[in-house]
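Trainee: First the structure, which I've put down as C-alpha cells, then a few questions once you've had a look.
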C-alpha cells in the first residue's frame with residue numbers, strides 16, 4: 001500500500017529529527033515518555049524533564065472529552081517529539097519555550113481523541129479552532145501566548161506538508177497587555193484600576209515590617225534569607241539572579257573625571273563606586289550592577305554577613321566538591337554511632353532524635369549495622385550505621401554541587417559550584433514553623449527562589465518572616481510579597497526620579513526598553529508632578545527659551561525639531577530661527593511629555609473631538625452613560641460661561657467659544673432623545689474625525 005504524500009513527509013520528518021536527537025545531550029531514549037533534559041536545556045528551576053503524556057488540564061470541568069491519563073499514542077507521540085526537537089533547533093528555544101510548545105502540541109491530541117483518531121496527518125483547521133475554543137472557554141490566562149504557539153505549529157506543519165489538508169490557521173487574539181495601561185483621571189473605575197496596578201508594589205506597611213525583620217533576625221538561618229532579600233531590594237534584580245550571585249561579587253573602582261583623572265573628596269581621598277557582579281538570567285552573561293550611593297550600606301552589609309554566616313556550609317561544600325560521591329570524611333566501610341550521624345543529619349525533639357533518625361533511614365532502605373531484637377525495634381537505642389550506606393542515600397541530594405550551569409555547544413559547563421555561590425545554606429535551615437532542628441549539615445545547597453518567596457509569605461502553607469512576628473498589613477491581613485515585587489518597586493522609584501528608559505533598563509539588566517512600562521506603577525498625578533518639578537520655570541520667556549534651546553540641541557523630539565533642523569541645513573540660520581519664533585510659541589507639561597500647541601490660536605485638536613460630529617461615535621444605552629453625559633454638559637456650560645466673562649477682547653476667544661458651543665449643542669441634542677434603546681450611532685451623517693493619512697493636509701515645511 002502506497003503511503004499518502006503527507007504520511008511520507010511525516011515519516012521522513014520524524015526520521016530526520018530522530019537522527020538529530022541522537023546527537024543531543026539527552027540520556028533517555030527516544031521511546032521514553034519522559035525525557036531528561038537537564039543537559040540539553042539546562043535551566044535554574046527544579047523541573048528537568050519533558051513529558052509526552054496526554055494533557056488533560058481543565059478539560060472535564062469545561063465539558064470536553066477527557067483522554068485517559070497515559071502516554072500519547074505512539075504515532076502522535078513521535079510527531080510531538082520530532083516537532084519540539086525541530087522547533088528548538090530552528091528557533092533556538094530555551095527550556096521554558098520548549099515546554100510551552102510541547103504543551104501546545106499535546107493539546108492538539110484532544111480534538112483528535114474526540115474524533116477517535118490519533119494520526120497527526122489528519123489534523124485540520126477545525127482541530128486548532130477547537131483548542132482555541134477550549135482555551136477561551138476555560139478562561140486561560142495567557143491566551144495570546146498559547147494561541148501564538150498554535151500558530152507557529154500550524155505554520156510549521158504547512159511548511160513541511162505534514163497533513164493531508166493544509167491547516168491555514170489564523171487567529172485574531174491580541175496580546176494581553178500590548179502597552180502600558182493608561183488610567184484616565186475621569187475613569188469612574190479609576191480607583192479600582194489604580195489599586196490593581198499598585199498590587200504589584202509592596203505596601204508601605206510591608207516595607208516597614210520588612211525593615212523590622214531585617215534589623216532583628218531571629219536565627220542564623222533566617223538572617224541568611226534576610227540578607228538575600230536585602231540584595232533583592234538594593235539591586236532590583238530578579239530572584240534567580242540574586243540566588244546565584246558569586247562569592248567574590250563585590251566590585252570597587254575609583255571614579256574618574258572626563259580626562260581620566262581620579263576624582264577625590266575634600267580630604268584628598270579617592271572617590272570609589274561600588275557594584276555587585278552577577279549572572280543575568282536573560283541573555284546569560286556576567287555583569288556588574290553598580291549601586292547608588294544610598295544602596296551601598298545595605299548591599300555591603302548583606303554581602304559581608306552572608307560570607308560570615310555561610311563559612312561552615314562553604315567549607316563542607318568545598319570538601320564534597322573535591323571528593324565527588326562523598327558527603328563526609330568517614331571511610332565508606334566504617335561503622336559510626338547514631339550520635340555522629342545526628343551531627344550531620346539533624347532531627348528535632350532531642351529525646352526522640354535517635355528514633356526519628358532510625359525511622360528516616362529505615363524508610364529509605366538504610367538499616368542499623370547491628371541486629372535488633374524484634375521487641376526493641378523502633379525504640380530509642382544506641383544504634384550504629386555503615387557510613388557508606390548513608391552516603392549513597394544522601395549523595396543524590398547534592399546534585400554534584402552545580403549551582404549554575406551553562407550550555408556550550410550542547411555540553412553542560414558548570415559556571416558556579418555551591419562553595420563559589422554567595423547565598424548558601426544547609427538543607428532544612430529555613431524551617432520556621434517547627435522542626436527547626438531538622439537541619440542536614442551533610443547537604444549544603446544554594447538558596448532558591450522558593451526559599452525567598454516562602455520567607456516573604458507568598459504561600460500561606462509556610463511560616464513567613466512576617467507571620468512569625470505577627471506583622472500584618474494595615475487592615476490586619478497577612479503580608480504576602482513575592483521576590484519580584486522589589487523589582488517593580490525599584491523600577492517605579494527610578495521612573496519617578498526622572499531616569500530615562502535607557503538608564504532604567506541598564507540599571508535593571510533589561511535588554512528591551514519596551515518592558516520598562518510594565519514596571520512603572522505611577523499615577524497621572526505623580527507623572528505630572530515629576531514633569532513639573534523637572535520643568536520649573538519662573539516666567540513665560542524662560543519657558544520659551546528652554547523650548548527653543550532644546551529644539552536646537554535636539555533634546556526635544558518631534559516635527560518641530562525635525563523641521564527646524566531641515567531648514568537650518570537647507571536655508572540657513574536666519575530662516576530656521578524665524579521658523580522657531582513663529583511656530584514654537586508654547587510649551588505645556590503633560591503626563592506624556594511636553595505639548596507645544598498654542599492654545600491662544602485654537603482649542604486642543606484632541607479634546608472632546610468626538611462631539612464635533614464624529615461618525616464613529618456610538619451610544620451604548622447604559623444608565624451610567626447618560627449620567628456622565630449630563631455631567632459633561634454641565635461642565636461645558638460652566639466653561640463657556642467663564643470664557644464669555646474672562647475672554648472678552650482676547651485674541652482667539654471667539655474660536656474657543658464657537659468650538660465649545662458646537663460641542664455643547666451636540667451634547668444637548670443627544671440628551672434630548674431616548675438613549676436607553678441600546679447601541680446607536682450619535683451622528684449618522686457625521687464625518688470621521690480620524691482622517692486617513694493620505695487625506696491629511698501636510699505642513700509646507702515638514703513631511704510629517
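Values quoted throughout were computed directly from the atomic coordinates according to the rules given, and no laboratory measurement underlies them. If you're wondering where the values come from, they're calculated on a predicted model, not measured in any experiment. Reconstructed Cβ throughout: ideal geometry from the backbone, glycine too, with neighbour counts over all protein chains shown.
Trainee: Please report how far the C-alpha centroid of the range 6-39 lies from that of the range 486-524, rounded to the nearest whole angstrom.
Mentor: That distance is 42 Å.
Trainee: Here is a further query. What nm value, rounded to one decimal, do you get for the distance between residue 435 and residue 288 when each label is placed 7 Å out toward the C-beta?
Mentor: 4.5
Trainee: Work the Kirkwood hydrodynamic radius out for the range 226-309: mean of 1/r over every pair of different alpha-carbon atoms, inverted, in Å.
Mentor: Values: mean 1/r = 0.0723 Å⁻¹.
Kirkwood hydrodynamic radius for the range 226-309: 13.8 Å.
Trainee: If the label point is 7 Å along Cα→Cβ of residue 499, which residues in the range 252-267 have backbone nitrogen under 20 Å from it?
Mentor: It comes to 252-253, 255-256, nothing else.
Trainee: Between residue 669 and residue 595, what FRET efficiency comes out of the Förster formula 1/(1 + (r/R0)^6) with R0 = 30 Å and r the beta carbon distance, rounded to 0.05? Don't skip to the answer; put the middle values down first.
Mentor: Values: r = 31 Å, r/R0 = 1.02.
The formula returns an efficiency of 0.45 here.
Trainee: Here is a follow-up. Cα gyration tensor of the range 314-448, axes a ≥ b ≥ c as square roots of the eigenvalues: rounded (a/c below 1.5), prolate (a/b > b/c) or oblate?
Mentor: Working: a/c = 2.67, a/b = 1.78, b/c = 1.50.
Since a/c reaches 1.5 and a/b is larger than b/c, the shape of the range 314-448 is classed as prolate.
Trainee: Round to the nearest 0.05 the FRET efficiency obtained for residue 565 and residue 8 when R0 = 56 Å and r is the Cβ-Cβ distance.
Mentor: Numbers: r = 62 Å, r/R0 = 1.11.
The computed FRET efficiency comes out at 0.35.
Trainee: Could you work out how far apart the two model spin labels at residue 308 and residue 588 are, taking each label as a point 7 Å from the Cα in the direction of the beta carbon, and quote it in nm?
Mentor: 5.9
Trainee: Full extension from residue 32 to residue 277: what is 0.36 nm times the residue separation minus their Cα-Cα distance, to one decimal in nm?
Mentor: Numbers: separation 245, 0.36 × 245 = 88.20 nm, distance 4.07 nm.
Stretched out fully, the residue 32 to residue 277 stretch lengthens by 84.1 nm.
Trainee: Would you mind putting 27-38, 392-403 in packing order, based on average other-beta-carbon counts within 10 Å, highest first?
Mentor: 392-403, 27-38
Trainee: Listing 565, 583 from the residue with the fewest other Cβ atoms within 10 Å to the one with the most, what is the order? Don't skip to the end; give the middle numbers.
Mentor: Details: 565 14, 583 18.
So the ranking, lowest neighbour count to highest, is 565, 583.
Trainee: Roughly how many nanometres apart are two label points built 7 Å out from the Cα toward the Cβ at residue 62 and residue 220?
Mentor: Calculated label separation equals 5.1 nm.
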